[in-house]
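Written below as structure tokens is the structure these notes are about.
The values are calculated or read from the model by the stated rules, or taken from the named source; none is laboratory data. This is a predicted model, so every value here is computed, not measured. Backbone-built Cβ (ideal geometry, glycine too); neighbour counts: all protein chains shown. Each accessible area value is taken on the protein alone, full model and side chains, heavy atoms only, with ligands, DNA and RNA left out. Shrake-Rupley method; radii C 1.70, N 1.55, O 1.52, S 1.80 Å.
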Amino acid sequence: DSIFINTESKRNINSPYQCIYPQHTYKWDDPWSRRFYDCLCQVDNKYVLVIMDDFFFTDYVDSEEIMRCTSILDREQDIACFNFAYSNSPYIRKEYDRYVLVDKKAPFRMNLQVALWRKSSLEKYIRKHENPWQFEIWGSKRIRRYNERIYHLDKEVKKVFTYPVGG
């Protein structure tokens, strides 16, 4: 699939990837989620791998595991996300060898760590007035109303992406 880079200020980037920009003109203080949603709507893929700009990888990326998760998403329509960060949240059970199904009432069930999202699910949970931290807090409460599953990486397995905690 395609690789897109969402950039809001640079227009001429020397990159082998397709750059997408918000379709509207935004002011510097317009909410993050409005700009993010605008760019997300331009992506024509069923799944998106969300990686924020302050995550600096310090080791390999397990691309085979990303492809395996994509295959699971193809089969299991009620999964919203595979989050590739470890979670301290309460979980229900371990599944798919490497992931834990996070409890519906867990704080930060939804977060902006590196994750593979079903694009339609991500779009559904975004509120255009929120900043990233509000998206994590309030989005984790919003998703309780739905039966979509969110998985986080089990702490006992090897990481898919390696980067310092906190970006």
>> Among the numbered criteria (1) farther than 25 Å from Arg35 by Cβ; (2) hydrophobic (A, V, I, L, M, F, W, C); (3) within 11 Å of the chain's Cα centre (by Cα), which one does Ala115 miss?
In response: (1)
>> Return the residues of region 62-97 that are under 23 Å from Val165 (Cβ atoms), free of Cβ contacts under 8 Å to residues at least 60 places away in the same chain and either open to solvent by less than 40 Å² (accessible area, probe 1.4 Å) or under 16 Å from the mean Cα position of the chain (by Cα) (or both); say none if nothing qualifies.
In response: Ser63, Cys69
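Could you identify the single residue in Val102, Val165 that is open to solvent by less than 30 Å² (accessible area, probe 1.4 Å) and at pLDDT below 95?
Numbers: Val165 fails: open to solvent by less than 30 Å² (accessible area, probe 1.4 Å).
So the residue among Val102, Val165 that is open to solvent by less than 30 Å² (accessible area, probe 1.4 Å) and at pLDDT below 95 is Val102.
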>> I want to confirm something. Restricting to region 113-162 and keeping residues that are in contact with a Ser or Thr (Cβ under 7 Å, 6 or more places away or on another chain) and of a type in the set (D, E, K, R), which single residue is surrounded by the most Cβ atoms within 10 Å (Cβ to Cβ)?
In response: Glu130
> Give me the pairs: first residue in region 37-48 and surrounded by fewer than 13 Cβ atoms within 10 Å (Cβ to Cβ), second residue assigned to a loop (DSSP other than H, G, I, E, B), beta-carbon distance under 8 Å, and six or more apart or on different chains, which are they?
Replying inline: Asp44/Ser2; Asn45/Asp1; Asn45/Ser2
>> Let me spell it out: the conditions are (1) farther than 22 Å from Cys41 by Cβ; (2) under 14 Å from the mean Cα position of the chain (by Cα); (3) free of Cβ contacts under 8 Å to residues at least 40 places away in the same chain, and Glu156 meets all of them except one. Which number is the exception?
In response: (2)
